[in-house]
Amino acid sequence: MASIAVCPGSFDPVTLGHLDIVTRGAKVFDKVIVAVLNNRSKQPLFTVEERVQLLKEVTKDLPNVEIDSFDGLLIDYVKEKEASAIIKGLRAVSDFEYEMQMASINRKLDENVETFFMMTNNKYSYLSSSIVKEIAKYHAPVADLVPNIVEKALKEKYSSVT
Ligand code: ADP
C-alpha cells in the first residue's frame, strides 16, 4: 500500500521553510498532499485559491506532491484522503507545546494516523509566513525567505498599501 502523508498549514504564503519540509517529506513518503487550511477565524493576506496556486507553482518539479485545501477537522480530511500520516515542521521549542497537543488529540481521534515531526533546516528556523508578511509590508527584501513567484505576489499585494 502506498504511504500517503498530509502536510497541513495556512501557507499564507508558502516560504522556503515550508518548501524545505515538503521536499524532504516527499523523499520519505510515496505521496505528500500539502493541504491549505481554510480557516475562517483568521484574516489571511492571500485567498485559499491564491495560496493553492502559489504552492502548485513552487512544487511543480516534485511529482509526488499534490496541493489541495480543506475545511473542518484535519483528521477527517486525512481519512478521506486515505493517508496514514501527518507531517509537521518544528522550528523552535515554542512550536513544540502546541504541536504536541495537536498530535495527541489527533491520535485520540484516530490511533491509526501517525504524526511525523521534521526539524527545520537551521537556516529557516526563524522563518514564518507572519514574519515574511511583516517584512514585505514595509517593502524590505524577502528574496532569501520565499520563492521568486511568492516575492512577486507579495509585492503586488502590498503595492497599494503603505
Ligand atoms: P506559519 O504561518 O507559522 O509559517 P503554517 O501553518 O503555514 O505556519 O505552517 C505549516 C507547517 O509548516 C507547520 O507544521 C509549521 O510548523 C511548518 N513550518 C512553517 N515554517 C517552517 C520553517 N521555517 N521550518 C520548518 N517548518 C516550518
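No value in this document is a laboratory result; all are computed from the given coordinates. Since the model is a prediction, treat every value here as computed from it, not as a measurement. Methodologically, a virtual Cβ is constructed for each residue, glycine included, from the backbone with ideal geometry; neighbour enumeration extends over all protein chains shown.
Between Phe96 and Asp110, with labels modelled 7 Å along Cα→Cβ, what's the label distance in nm to one decimal, could you check?
With each label point 7 Å from Cα toward Cβ, the separation is 2.8 nm.
Once both labels are modelled 7 Å past Cα along the beta-carbon direction, what's the Thr23-Glu50 spacing in nm?
Placing both labels 7 Å along Cα→Cβ, they lie 2.5 nm apart.
Taking chymotrypsin sites (Phe, Trp or Tyr not before Pro) that fall in a DSSP loop and have at most 13 other Cβ atoms within 10 Å as cut points, what is the longest piece of the chain between them?
1-125
Longest segment of the chain with no GluC sites (Glu not before Pro) in a DSSP loop having at most 10 other Cβ atoms within 10 Å?
The longest such stretch corresponds to 1-81.
Order these by the 10 Å Cβ neighbour count, fewest first: Ile33, Ile4, Ile21, Ile135.
Result, fewest neighbours first: Ile135, Ile4, Ile33, Ile21.
When 1/r is averaged over all different Cα pairs and the result inverted, which Kirkwood radius in Å belongs to the chain?
16.3 Å is the Kirkwood radius here.
Would you pull out the residues with amide H under 5 Å of Met118's amide H, same chain only if 5 or more places away, H placed 1.01 Å from N?
The list, which skips near neighbours in sequence, is Lys88, Gly89, Leu90.
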